[in-house]
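Please treat every number below as a calculation from the coordinates, not as lab data. Every value quoted in this text rests on a predicted model; they were computed, and no experiment measured them. Neighbour counts run over all protein chains shown; Cβ positions are idealised from the backbone, glycine included.
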Amino acid sequence: MAARKRLAAVAVMAIVMLTGCTYSAEEPGLFPTRVPSPDAETTADQFPPQPTDPELPVAGEAVWTTGDGLDVTVRFAVHAVRRIPGATVLDWSVTPISSPVARFGDALPAHLDLGLSQSSGGDADVILLDSPSRTAYAPLSNRSRRSFNHCLCSPMWLVQQRLRIGGTQLMQVAYPELPPGTAFVDVIVANVMPFVHVPVTPVGMAPTATAPTDLARPAERARPAAKAREVRVASLPQRALTIQIDTIQSSPGLTSVAWTLRAVTDLVRPLDLSIGPLVSRPVPDSVVLVQSMPTDGLVLKLPAGTLTNAWLATRTYGLPSYECLCSDLGIWARALSRAGGSLQVTSLYPGLPAGTTSVDVGLPGNDTVRAVPVVVAPDSAARLGPTTPRTTNTWYYSLNDPPMGWATADWPTDVPDSTQLAEYRTGIHRVVKLPGW
C-alpha cells in the first residue's frame, strides 16, 4: 500500500495547489456559483440551444449523471475517429439533458465537473484502445511543462464552462498516428461504458449518419443487472456504501462493467483513504499506481479462474507505473460525501470466453453477486453510414485561445494543423495485468 499512499498524497497536494466476440446492433472550480432557477426569466440576449444537426453521425452514446453533487445528466456521444496527416483525431460531444435545478437553455454552474481530468495529467481522460493488439493510445500532450502539458484537444475545463441544458458541444482530441492496418478501435471515455468497434476513417474522409440525430432527447434508464449490496469499512463500520452492478458487456478482447456506488452514510470526503478498501484492491508495496483511488475492487469469477482489472503500463516521474482502466475517485466524486449521494463508475477487464452469458462478481469484503447476466456490447460500426470525402480547414492550439468546441452544424469540424505536431508527445501503452495479482 505504500506506493498507493505516496501517489495519493501527491494527488491531494496537487488538488490543494489547484484550488489555491460478436456485437449486437443496437479545471473545475470548488466554489459554488448560483444555479439558475427553473422559474428564471429568459433574458433578451439568451437564445435557446440549437437542435442537433440531424445529419451528424453517431457511432455510440452513453448517459451519465455527474457525481459532483449537481446531479446533471449528460449524454456523451462518439461521432468519428479520423486519420489526419501524422496523427488521429476523435470527434465526440457532450450534451447536458437534465438537471434538478435547471431547465432547457439554462447555463450550468462553473464548478460542474464531468469527471474527465486525466489522473496522469492532461485535459481529457479519453483513450483509443486497439483491443486485439492490447495497445492503448493516449491524447497527444504538449512537451512544455510551462504550458501544463496540455493535450491537443478541446480542453474539458473550458468546455464545461460553456454547457447549457439541451445544447451540444462538439469536441476533438488528437492522438498518435495509428498503424496502417488498424481499421477499428474502442473509445474509452472515463466513467461510462466503452464505445466498441469504432471505424477509423482514411485521411480526408468522414462517416455519415444512418438516421436523424437528436442528442438532447430525454435519457432512457435501463434496469440494473443485479440488486445493490452493502459493503463496510472493517475498522469503521459506521462507513458504508452500496454497490450495484448495472450492466456487464462483452466485446472481442474486452469486458466492461458499469456499477453504481451509493453512500449509505456520510463519508466525509471522497479522497478519505478509509473509502479505499470499499472500492479498491490492495496492491504490492513495490507497485506504483497513477491513480489515487481506482475502482478496481471487483473481480469476475469464471469456472476457469478469476479476471482482475486491466491496467496500462506507463511511467510516472520516470518510474514504471500502472494506470487502471477504470474510474478513479477524485474531486469529481464529491457526491459520496453525503448519505444518498451516488456515483456511476466503470471497470474494464480482459475478454470473456466465447459464449459466456453470465459471471459471478466478487465484491470488496468477500461478498459475491451470483450469475450476473452478460450482454453483447453494441457495435459502433453498425450505426454509421458510408464514409464520404469531406474537406475541412485546420486549427492551431493557442494558450490564449484554445479550441472551445463546435456546434453540431459545424460537422465535419476542422482538424489540428499538422505543423504543430512536433510540439506534442505521443503516449502509447500496453494493456497488462497488474504485477502481483
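Before moving on, here are some points about what is shown:
- Considering the stretch 182-248 at the alpha-carbon level, its Rg and Dmax are found to be 19.6, 59 Å.
- Sparsely packed loop sites in the stretch 94-153 (the trypsin sites (Lys or Arg not before Pro) outside DSSP H, G, I, E and B with at most 16 other Cβ atoms within 10 Å) comprise R103, R134, R143.
- Gyration tensor verdict on the stretch 318-357 (Cα atoms; rounded if a/c is under 1.5, prolate if a/b is larger than b/c, oblate otherwise): oblate
- Spin-label zone in the stretch 326-353 - amide nitrogen under 18 Å from a point set 7 Å from the Cα of V376 along the C-beta vector: 351-353
- Y396-V203 pseudo-label distance in nm [points 7 Å out on the Cα-to-Cβ vector]: 2.0
- Note on the chain: percent of Cα-Cα distances in each 20 Å bin, starting at 0 and stopping at the bin with the largest distance, equals 26, 61, 13, 0.
- Whether the stretch 117-263 is rounded, prolate or oblate, judged on the alpha carbon gyration tensor where a/c under 1.5 counts as rounded: prolate
- Using the rule -39500 (n - 2.57) for each DSSP H run of four or more residues, divided by the residues of the chain, the 222 nm mean residue ellipticity is -1500 deg cm²/dmol.
- Cα-based Kirkwood hydrodynamic radius, the stretch 229-376, one decimal, Å: 15.9
- Of the three principal axes defined by the Cα atoms of the stretch 321-419, the extents in descending order read 55, 39, 32 Å.
- A simple spin-label model places the labels of S418 and K227 5.9 nm from each other, with each point 7 Å out along Cα-to-Cβ.
- The trypsin sites (Lys or Arg not before Pro) of the stretch 193-247 meeting both criteria, a DSSP state outside H, G, I, E and B (loop) and at most 16 other C-beta atoms within 10 angstrom of the site's C-beta, are R221, K227.
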